[in-house]
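Below: one structure, written as structure tokens.
No value in this document is a laboratory result; all are computed from the given coordinates. Everything numeric in this text was worked out from a predicted model, so none of it was measured. Every residue, glycine among them, receives a Cβ derived from its backbone with ideal geometry; neighbour counts consider all protein chains shown.
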Amino acid sequence: MSRIHILPDILCNKIAAGEVVQRPASVVKELVENSIDAESTRIEVTINNGGRDIIQVIDDGLGLDKEEIELAVQRHATSKIAEIEDLFRIKTMGFRGEALPSIASVSMMELVSRARDGESAFALEVQAGKSGDIQPIAWESGTRITVKNLFFNVPARLKFLKAKRTELNHVIDRVKPLALIYPHIAFKLVADNKVIFDLRAAAPEERVAAIFGSDYRDKIILVEENRGNIKVSGFIGNLDLVRVASGEQYLSINQRPISDRLINNAVYQAYKSLIQRGEYPFYTLNISVPLNEVDVNVHPTKTEVKFNDEWRVYHVVKETVEQGLRQTLKMAPGFQNRPQAAPFFQTDTPSNQTSFVTPPGGQYQADNQPRSPEESEILQKARQFSQVLDRDAVETKPQRQHGGFIWQVHNKYILSQINNGIAIIDQHVAHERILYEEALRDMDENKGTSQQLLFPATQEFSADDYTVLVDIIPALNTLGFRLREFGPNTVLVEAVPTGMRGGSEGAILKEIIDYYRENRVFDYSPAKRLAASYSCKAAVKAGDPLTEEEMRVLVDRLFATQNPFYCPHGRPIIINLSIDELDKRFERH
């Protein structure tokens, strides 16, 4: 018997499914892209249990007739290409003819459709790749595809799925870029009977505001540039939209969402002198190039592309963003010089403890160093976090010498005379350590103190930010926040921790969400992660001027902590120069 044989169709479908269907979000992506290709004006996505139990996509597109329904679940059946040359001028989202049969091979799928000019609708059920008979059914024009029990026949793949909330976030991450690219299409996403977003057809800038929050409307900058056969259009954000975690950066090529490190770097280079390392600007940009100038068939999920001249595209994108920044630099609110911070020390605080409040933001400084790959940053932080969060202070705690000098150097470091020499203290990480220990204590004892806002404020979030926030609202409330859900993707802020500046709650909450999400890979408790997030974002910043009294109080509170030598992230807080070391430096014997 020959060792070489033809694989059966069911096995071929499962192999294709391994490339195309990696998780529920992959199913959603493929089905929504088909709906877009079908010229739909409204697309509704419903999932249950993170997509494990049910994924359903309904559209009002062109639909399929009876013969097309039967062909649609066959491998390599497609209406998108017919000859070899078509591979080099692809303008549709899907084209390989693998999505539906691949999905059907690892689920229980029902396809219901009616052609736009057809008189009847038909349904077809496919279970684990085996098709039933096509049946007539009552249905309006368009298509409804229901996928049940994903991976029920591939348990090895099923066990790799994450928690329901995580899988939902992946679905949001797949639908959101498409909703940005196609603002003329209405999108609705429902998860476990809860509406995540319901987006009506709108102008591009209104779609951005609907997805990310109404405050984005006045903080985005329209960019549009034609250079030969390359066109770049979309929106970039001012500095108010800069965040400390990636996630609000969207690229598309000919209205197809893509991931491209080189083109992303073109945008970062344009912002280079305005943001610090480790910060990420907002942008949603579409690059239009001739279809034969880009190959979209280089990756199974079609999220990566290959340009004929990628460096030309790089420079056009970079110059387009730079021009948008130059034109808006003097007029956009986010690019104005930040106001001087109000005093941090509140002398009218009724308790013996000193309260510090957060400034509206630090100065953005030039950073001429190249960015490190994200993976390297995560690994480096992981090493620090695992060793530092529970580290006890083994050194003898210093004591500030009362009446001794205390200076602030470049609004960043504090020089203080201590009992055995001089201490140089990083003011940001010092305050971070103070707030971290206080936050842990408050959460443990559930006694965080609050200051009531005169007028409760509503804060709107993007869908994925909101799913993170809902999970941590109970813990935030133990810190002194008073938050409650208040409509779709919105919370009502009734109070903030004592000492936190009123009016900054929206920015602080978004930074906490970023930090909490970014550090979820580290192996330590959610309470410590949240405390570290809050303390980092609520602490005084480098560049904030402090009065002498504020510095003395800050140093005294630092030395009263359990571990005054390291911040929650492992960075050193204090450099001690002892009298003996100073004597040696000056060659005193």
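Values for this structure:
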read-out: Net length gained if the chain between Ile134 and Ala203 were fully extended (0.36 nm per residue, minus Cα distance); value: 20.8 nm
read-out: Residue-by-residue Karplus 3J(HN,Hα) for the range 556-561, coefficients 6.51, -1.76, 1.60, Hz, glycine and proline x; value: 5, 5, 5, 5, 8, 6
read-out: Over 28 Å (Cα to Cα) - which of Lys29/Lys194; Lys162/Lys272; Lys66/Lys194; Lys176/Lys528; Lys219/Lys318 fall in this group; value: Lys162/Lys272; Lys66/Lys194; Lys176/Lys528
read-out: Estimated distance in nm for a label pair at Leu577 and Ser288, the labels positioned 7 Å out from Cα along Cα-to-Cβ; value: 6.2
read-out: Distant-in-sequence amide H partners of Tyr566 (H built 1.01 Å from N, under 5 Å); value: Ile573
read-out: Cβ-derived FRET efficiency at R0 22 Å, Asn419 paired with Arg441, nearest 0.05; value: 0.25
read-out: Estimated vicinal HN-Hα couplings, Hz - the range 267-284 in sequence order (Karplus 6.51, -1.76, 1.60; Gly, Pro = x); value: 5, 4, 5, 5, 8, 3, 7, 10, 10, 8, 4, x, 10, 10, x, 7, 7, 9
read-out: Positive minus negative residues near Cys567 (Lys, Arg vs Asp, Glu; Cβ under 9 Å); value: 0
read-out: Backbone N under 19 Å from the Asn153 label point (7 Å along Cα→Cβ), restricted to the range 39-61; value: 52-55
read-out: Distance between modelled label sites at Asp556 and Arg484, nm, 7 Å Cα→Cβ extension; value: 3.9
read-out: HN-Hα J in Hz across the range 458-472 - Karplus 6.51, -1.76, 1.60, θ = phi - 60°, x for Gly and Pro; value: 8, 10, 9, 10, 5, 4, 6, 4, 5, 5, 5, 4, 4, 5, 9
read-out: The range 154-256: chymotrypsin sites (Phe, Trp or Tyr not before Pro) in DSSP coil with no more than 11 other Cβ atoms inside 10 Å; value: Phe160
